Amino acid sequence: MKRNMALIKSVGDFFGLDIGTNAIRVVQLSQNGQTWNLLKYGYAPVDANTSASDSPEARRRVGEIIMTAIGQSGIKTRDVAIGLPSQKTFTTVIDVPAMSEAELRGTIKYQIDQYIPMSIEDAKVDWKLLGQSLHDPKQQEVLLTSTASSYSEGQLEFVESLGLNVIAAEPEPIAMIRSLLPSGLTDARLIVDMGEQTTDLAITYADAPRLVRTIPIGLSAFIKAAVTNLNVQEEQARQFILKFGLAPDRLDGQVLKALETTLDSFASELVKSIKFFQTRYPNTPVGGILVAGYAASTPRLGEYVAAKTGVQSEAANPWQKVRVDQSAQQQLLPIMHEFGTVVGLAQRSNR
């Protein structure tokens, strides 16, 4: 009982920080049974060239924007959970013989090397036992995540140089599942969270990821196609996509036509992921697709995905388990779909 009390106490006294390509997002929550209350949030735009640069000047600027977002939010705690971008992390699910968690802890370190794409000496590795394998009762499945030590230590030093205390660093696709996946699902779901440069895909079963991938197609690929094919400026292309989307009756369906080739590549990656999952788990069909991020903000993209994959699709709501007061709801409305990762980080219930 004492341990549970400590866990509950720790919730709410840290916040989630998402250092995104185009914005810094911070969220602090408090837990109330199965739901959460929004305590504080902040959002500060950042130039994509600045966030992508490793120059000291760019890092200093990003640090300033992080502190601006925190200052505007009113968050007082210095304890923070940060997201590690999917391009910098590797996540996979492996099969191991059935054994106790204590036994697994003793043996898994000798097996990790064969599964991660770098030497174990150069990696930070974390794992979680998911339980009995879905396709072989004699095996159990383990979720394995890794990132280069040099990258994770660099991020930790950078965030802590701002006067913050990093209590957790988590791959973004793992965090987003926590906020985007509805409770109590009994079948598999594909989550499609589109960012500026890339899209994170996760197929989940029983609240846990069974397949995690990142594809190099994000909103910027759509913008580039619209700029080329519609002969418009970048900012106008972005507005066309997020306002008219794939609607055939808006702008004579020109946006849809301009994006056709990029959309085909995007959809084929989703189909490939579903096929890969079904090959590994033939008795576990994907029961639905949840679109998030810019995929949820682009009108009719969910319908397009459903038509191409043959799987029902709907927009995911990162705030579905969070009570948000009315004034915050109004302010968050235009950007609500961008908060999947940071709400998931803030929903971590242990440290």
Query raised in the report: Out of 333, 263, which single residue is among the aliphatic types (A, V, I, L, M) and without any contact (Cβ under 8 Å) to a residue 12 or more places away in the chain?
Result: 333
Requested in this report: Could you list all residues from the range 16-74 that are among the β-branched types (Val, Ile, Thr) and part of a strand (DSSP E or B)?
Outcome: 19, 24, 26, 27, 35
Query raised in the report: Which condition breaks for residue 140 when tested against (1) within 19 Å of residue 89 (Cα to Cα); (2) over 24 Å from the mean Cα position of the chain (by Cα); (3) part of a strand (DSSP E or B)?
Result: (1)
Query raised in the report: Does residue 51 count as polar (S, T, N, Q) and either modelled with pLDDT under 95 or in contact with a Leu (Cβ under 8 Å, 6 or more places away or on another chain) (or both)?
Result: yes
Query raised in the report: Looking only at residues in the range 264-292 that are aromatic (Phe, Trp, Tyr), under 21 Å from residue 93 (Cα atoms) and crowded, with 16+ Cβ neighbours inside 10 Å, which one is nearest to the chain's Cα centre (by Cα)?
Result: 277
Requested in this report: Look through 153, 101, 141 and report the one residue that is within 20 Å of residue 15 (Cα to Cα) and charged (D, E, K, R).
Outcome: 153
Report task. Inspect the range 280-298 for any residue being more than 18 Å from residue 194 (Cα to Cα) and either in a helix (DSSP H, G or I) or of a type in the set (Phe, Trp, Tyr) (or both) and give the result as yes or no. Result -> yes
Query - Residues satisfying the stated conditions in the range 298-341, i.e. aliphatic (A, V, I, L, M) and either surrounded by 13 or more Cβ atoms within 10 Å (Cβ to Cβ) or at positive phi (or both) - result: 301, 305, 306, 311, 315, 316, 322, 324, 328, 332, 335, 336
Query raised in the report: residue 343 is checked against (1) outside the structural domain of residue 23 (by TED's automatic domain parsing); (2) modelled with pLDDT of 95 or more and fails just one. What number does that condition carry?
Result: (1)
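The values are calculated or read from the model by the stated rules, or taken from the named source; none is laboratory data. Since the model is a prediction, treat every value here as computed from it, not as a measurement. As a convention, Cβ positions derive from the backbone with ideal geometry for all residues, glycine included, and neighbour counts pool all protein chains shown.
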